[in-house]
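What follows is a single structure, written as structure tokens, with notes after it.
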Amino acid sequence: MANQKRKINVHSFSPEDFARGGSISDRTPEDLTTALAESNGFDLSYLTDNSRGELSLGQLGLLISPLLFSLLFFLLPGGFLGFQLYQQGLLQKLISGDTPWLEIFLTMPKGTLVIGAILLVLTLVGLYFIILTTLDLIGRSVASLEGPGWKKITTSTDDDGSTTTRTYYVVADQRFSVKKKGFGILENGRNYRVYFTPRRKILVNIEALD
């Protein structure tokens, strides 16, 4: 079956592309902080620990979903790669060691080699994110930044017309993925302090400063 090329166009909307609607609302920093916490599923009682650079036990759950996603990203292509190698008898040759690995790779069909390389890269990417997330879980440390905050949308359009939209907060030039529910709460141009895991950059808390 002929390979189909997939073309993806990415459109990013920078902070300047968002109209601020005339003026910032009159919500106090405390009210805005509370609204941001409720919409993003954050717990403000953990701000004390976060300000000390610590990740509270109650916040570990925020890392479980990224860890599971990374695990799937590792297992699915890795499992499919192992299955394909087993079906073609290549896995047995690699394990036995009777045939040099280089010779096995050189005699592989070109299609198998290309697909195998892609699956291997995806597997390694999944493993990389598993390691980063695990280190964040074990280290239980939190980094912080403060500065003007902006909303950002990235829309990917596939050649079949389907689109995928991702929403982010951008604070002090650092981008954080957020759900759509929390996206609309942030007010462009106000100053914020964000708390996040140092390796995966997973947002765990945010507070408005003005």
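So that you can scan it fast, the table gives a plain yes or no per residue for (1) acidic (D, E); (2) outside any loop (DSSP other than H, G, I, E, B); (3) surrounded by 15 or more Cβ atoms within 10 Å (Cβ to Cβ):
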{"residue": "G147", "(1), (2), (3)": "no, yes, yes"}
{"residue": "T154", "(1), (2), (3)": "no, yes, yes"}
{"residue": "D159", "(1), (2), (3)": "yes, no, no"}
{"residue": "T165", "(1), (2), (3)": "no, yes, no"}
{"residue": "Y168", "(1), (2), (3)": "no, yes, yes"}
{"residue": "G189", "(1), (2), (3)": "no, no, no"}
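So, L36, is that one exposed (fewer than 13 other Cβ atoms within 10 Å of the Cβ), in a helix (DSSP H, G or I) and modelled with pLDDT of 95 or more or not? It is false that L36 is exposed (fewer than 13 other Cβ atoms within 10 Å of the Cβ), in a helix (DSSP H, G or I) and modelled with pLDDT of 95 or more. Residue selection: L72 fails the criterion of being in the same structural domain as E187 (by TED's automatic domain parsing) and either of a type outside the set (F, W, Y) or farther than 30 Å from L124 by Cβ (or both).
When the test is whether a residue is of a type in the set (A, V, I, L, M) and under 30 Å from V142 (Cα atoms), L68 passes it. Taking every residue in region 176-200 that is of a type in the set (D, E) and pairing it with any residue that is part of a helix (DSSP H, G or I), at least 6 positions away or on another chain, the pairs with Cβ-Cβ distances below 8 Å are E187/L32. Of the residues S70, S65, S56, the single one that is under 32 Å from the mean Cα position of the chain (by Cα) and loosely packed, with under 12 Cβ neighbours inside 10 Å is S65.
Matching residues to (1) of a type outside the set (A, V, I, L, M, F, W, C); (2) in contact with a helix residue (DSSP H, G or I) (Cβ under 9 Å, 6 or more places away or on another chain); (3) more than 30 Å from F69 (Cβ to Cβ); (4) modelled with pLDDT of 75 or more:
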site: G82; (1), (2), (3), (4): yes, yes, no, yes
site: Q92; (1), (2), (3), (4): yes, yes, yes, no
site: T107; (1), (2), (3), (4): yes, no, yes, no
site: L119; (1), (2), (3), (4): no, yes, no, yes
site: L122; (1), (2), (3), (4): no, yes, no, yes
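Consider T112 carefully, then state whether it is outside the structural domain of P29 (by TED's automatic domain parsing) and either exposed (fewer than 13 other Cβ atoms within 10 Å of the Cβ) or modelled with pLDDT of 95 or more (or both).
no
The values are calculated or read from the model by the stated rules, or taken from the named source; none is laboratory data. No experiment lies behind these values; they were computed from the predicted model shown. Cβ sites come from the backbone with ideal geometry, for glycine too, and all protein chains shown count toward neighbours.
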